[in-house]
Amino acid sequence: TNDISILAIESSCDETSASIILNGKVLNNIVATQSVHEKYGGVVPELASRAHQENIIPVVEEALKTSGLDKSQLSAVAFTRGPGLMGALLVGVSFAKAFAYARKIPLIEVNHMQAHVLAHFIEDPKPSFPFLCLTVSGGHTQLVLVKSPLEMQVIGETRDDAVGEAFDKTAKLLGLPYPGGPLIDRYAKEGNPRAFDFPITRMPDLDYSFSGIKTAVLYFLRDQLKANPKFIEENLADLCASIQYSLIEMLLIKLKAAVKQYGVKEIAIAGGVSANSGLRKTLTELANRKGWNLYIPKFEYCTDNAGMIAMAAHYKYVAGEFSSMDVTPLAKMKI
Ligand code: KG4
Ligand code: ZN
């Protein structure tokens with residue numbers, strides 16, 4: 001048949017995921033989340049690799065089963081080549097190679113950051129080209145100018161921590177468990193965002209810096225706790241709201257500058273931090289005021305998932321972009 005059906009694997013960080021796409025339509029998105037990292041307050045690379053090794057066959061089997069397709073019907077197998085944790089990526093790449101070799105089908109490498117952007121094409125409404133995508137996750141903060149599915153340009157990015165990392169690290173200073181981003185979001189709803197003044201770092205051009213706020217919060221808390229050991233518990237909601245306010249401001253200042261510079265009013269956000277309700281609310285109001293068309297994917301496709309890898313792989317298959325069998329993962333990989 002002329003059907004294009006692709007099995008896609010994602011294993012760059014702490015989610016093991018498999019998805020099947022048939023003629024451009026994502027049929028399923030199976031994700032095994034690793035809980036082993038919670039007690040360490042962050043992702044432990046060695047434990048992530050081991051959990052991927054345990055989870056990869058079950059998630060692939062589940063994806064095959066729920067797709068109604070048989071292995072023998074697949075046209076290609078895709079995997080995340082990078083960026084990500086080397087040991088975690090290796091599990092996905094090795095699996096994909098073995099699968100391609102056994103089934104004698106082509107191999108397709110996918111850039112994880114490109115896939116976060118292409119998650120917008122899994123479901124309607126889809127942005128039209130060119131559009132700007134703000135990708136905000138635990139590992140990355142990037143402003144991307146998207147000209148076509150496979151033609152993207154990073155126009156701004158963080159020079160140190162990712163914004164999700166800033167959420168998680170400041171949450172840790174407040175004594176919240178990992179990952180703290182969603183908890184800051186929750187407590188912030190009851191707090192005053194102007195209660196405390198945390199820095200809004202302004203970098204040159206369209207770049208970001210999120211490491212300053214962590215240090216500012218650290219010293220601020222140290223001083224306050226000396227005077228009042230109960231300072232955090234008595235002010236938790238205001239602290240969360242004020243931290244979140246600064247982080248959102250930093251994100252939006254550059255987004256507004258990018259819109260001005262590139263004259264594009266199609267705006268998309270991607271990555272785990274796009275779940276943040278403060279960011280969604282502020283960005284929605286801003287878009288209404290400015291007349292932007294705003295696109296926010298379903299949460300399932302914001303966090304790490306193989307559905308977005310499958311979507312990217314479909315475009316690459318159609319473009320005839322395949323990988324050779326000696327491909328290796330890349331911890332750092334440019335869009
Ligand atoms: O995209 P993602 O699932 O994984 C990668 O980092 O690639 O993003 C995870 C990040 C974590 O830093 C987490 O704290 C943050 O997204 N996050 C949030 C919220 N939900 C997830 N940050 C703030 N508010 C949220 N509601
Ligand atoms: Zn990601």
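ILE108 - would you say it is under 19 Å from the mean Cα position of the chain (by Cα), at negative phi, assigned to a strand (DSSP E or B) and away from ligand 1 (no atom under 16 Å from the Cβ)? I'd like the intermediate steps shown before the answer.
On the way: under 19 Å from the mean Cα position of the chain (by Cα): no; at negative phi: yes; assigned to a strand (DSSP E or B): yes; away from ligand 1 (no atom under 16 Å from the Cβ): yes.
Criteria not met by ILE108.
Which residue, of SER49, SER75, is under 23 Å from VAL327 (Cβ atoms) and more than 23 Å from the chain's Cα centre (by Cα)? Walk me through it before giving the result.
Working: SER49 fails: more than 23 Å from the chain's Cα centre (by Cα).
It is SER75.
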Checklist entry - Taking segment 150-185, which residues are near ligand 1 (Cβ under 8 Å from one of its atoms), assigned to a loop (DSSP other than H, G, I, E, B) and farther than 16 Å from HIS37 by Cβ? => result ALA162
Item to check | Selection status of ALA241, touching a Pro at 6+ places or on another chain (Cβ under 9 Å), buried (at least 19 other Cβ atoms within 10 Å of the Cβ) and not hydroxyl-bearing (Ser, Thr, Tyr) | outcome: yes
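Please verify whether PRO177 is out of contact with any Leu (no Cβ under 7 Å at 6 or more places or on another chain), surrounded by fewer than 22 Cβ atoms within 10 Å (Cβ to Cβ), outside the structural domain of GLY84 (by TED's automatic domain parsing) and modelled with pLDDT under 95, treating the condition exactly as stated.
Spelling it out, PRO177 is indeed out of contact with any Leu (no Cβ under 7 Å at 6 or more places or on another chain), surrounded by fewer than 22 Cβ atoms within 10 Å (Cβ to Cβ), outside the structural domain of GLY84 (by TED's automatic domain parsing) and modelled with pLDDT under 95.
Are any of the residues in segment 92-107 touching a residue at least 24 places away in the same chain (Cβ under 8 Å), within 16 Å of ligand 2 (Cβ to nearest atom) and assigned by TED's automatic domain parsing to the domain that holds GLY41? Step through it out loud before you land on a result.
Quick first cut of segment 92-107, residues touching a residue at least 24 places away in the same chain (Cβ under 8 Å) only: 92-93, 95-97, 99-101, 103, 105-107.
Filter again for within 16 Å of ligand 2 (Cβ to nearest atom), leaving 92.
Now narrow it down to the ones that are assigned by TED's automatic domain parsing to the domain that holds GLY41: 92.
Looking through segment 92-107, at least one residue is touching a residue at least 24 places away in the same chain (Cβ under 8 Å), within 16 Å of ligand 2 (Cβ to nearest atom) and assigned by TED's automatic domain parsing to the domain that holds GLY41.
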Next on the checklist: LYS254 - would you say it is without any contact (Cβ under 8 Å) to a residue 24 or more places away in the chain and over 26 Å from CYS13 (Cα atoms)?
Outcome noted: no
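Being in a loop (DSSP other than H, G, I, E, B), more than 15 Å from the chain's Cα centre (by Cα) and closer than 26 Å to TYR208 by Cβ: is that true of LEU283 here? Working first, answer last.
Numbers: in a loop (DSSP other than H, G, I, E, B): no; more than 15 Å from the chain's Cα centre (by Cα): yes; closer than 26 Å to TYR208 by Cβ: yes.
So LEU283 does not fit the description; no.
When you scan segment 297-329, how many residues do you find that are touching a residue at least 12 places away in the same chain (Cβ under 8 Å), surrounded by fewer than 18 Cβ atoms within 10 Å (Cβ to Cβ), part of a loop (DSSP other than H, G, I, E, B) and of a type outside the set (Ser, Thr, Tyr)? Lay out the reasoning, then the answer.
The initial filter retains those residues of segment 297-329 that are touching a residue at least 12 places away in the same chain (Cβ under 8 Å), namely 297-319, 321-325, 327-329.
Within this subset, residues satisfying the condition of being surrounded by fewer than 18 Cβ atoms within 10 Å (Cβ to Cβ) are 298-300, 318-319, 321-322, 324-325, 327-328.
If we keep only those that are part of a loop (DSSP other than H, G, I, E, B) too, we end up with 298, 321-322, 324-325, 327-328.
After this cut, where a residue has to be of a type outside the set (Ser, Thr, Tyr) as well, the list is 298, 321-322, 325, 327.
Total meeting the criteria: 5.
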Item to check | Every residue from segment 266-285 that is more than 23 Å from ASP238 (Cα to Cα) and away from ligand 1 (no atom under 13 Å from the Cβ) | outcome: GLU266, ILE267, ALA268
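Taking LYS147, is it surrounded by fewer than 18 Cβ atoms within 10 Å (Cβ to Cβ), farther than 23 Å from GLU15 by Cα and out of contact with any helix residue (DSSP H, G or I) (no Cβ under 7 Å at 6 or more places or on another chain)? Please lay out each step first, then the result.
Working: surrounded by fewer than 18 Cβ atoms within 10 Å (Cβ to Cβ): yes; farther than 23 Å from GLU15 by Cα: yes; out of contact with any helix residue (DSSP H, G or I) (no Cβ under 7 Å at 6 or more places or on another chain): yes.
It is true that LYS147 is surrounded by fewer than 18 Cβ atoms within 10 Å (Cβ to Cβ), farther than 23 Å from GLU15 by Cα and out of contact with any helix residue (DSSP H, G or I) (no Cβ under 7 Å at 6 or more places or on another chain).
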Checklist entry - For residues in segment 249-280 being away from ligand 2 (no atom under 16 Å from the Cβ) and part of a strand (DSSP E or B), which is farthest from ASP197 (Cα to Cα)? => result GLU266
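Can you say whether LEU143 is in a helix (DSSP H, G or I) and either more than 15 Å from ligand 1 (Cβ to nearest atom) or in contact (Cβ under 8 Å) with a residue 40 or more places away in the chain (or both), as far as the supplied structure shows? It would help to see each step written out before you state the result.
Numbers: in a helix (DSSP H, G or I): no; either more than 15 Å from ligand 1 (Cβ to nearest atom) or in contact (Cβ under 8 Å) with a residue 40 or more places away in the chain (or both): yes.
So LEU143 fails the test.
Filter segment 24-42 down to the residues that are part of a loop (DSSP other than H, G, I, E, B) and in contact (Cβ under 8 Å) with a residue 60 or more places away in the chain, then identify the one that is surrounded by the most Cβ atoms within 10 Å (Cβ to Cβ).
Looking only at segment 24-42, we keep the residues that are part of a loop (DSSP other than H, G, I, E, B), and these are 24, 34-37, 41-42.
Restricting the remaining residues to those that are in contact (Cβ under 8 Å) with a residue 60 or more places away in the chain gives 24, 37, 41-42.
On the way: GLY24: 15, HIS37: 19, GLY41: 16, GLY42: 15.
Among those that are part of a loop (DSSP other than H, G, I, E, B) and in contact (Cβ under 8 Å) with a residue 60 or more places away in the chain, it is HIS37.
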Checklist entry - Looking at (1) closer than 16 Å to THR80 by Cβ; (2) in contact with a Cys (Cβ under 6 Å, 6 or more places away or on another chain); (3) part of a strand (DSSP E or B), can you tell me which one VAL117 breaks? => result (3)
Checklist entry - Right, LEU294: closer than 13 Å to PHE79 by Cα and surrounded by fewer than 20 Cβ atoms within 10 Å (Cβ to Cβ) or not? => result no
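The values are calculated or read from the model by the stated rules, or taken from the named source; none is laboratory data. Computed from a predicted model, the values in this text were never measured in an experiment. Quick reminder, even Gly has a Cβ in these numbers, built from the backbone with ideal geometry, and neighbours come from all protein chains shown.
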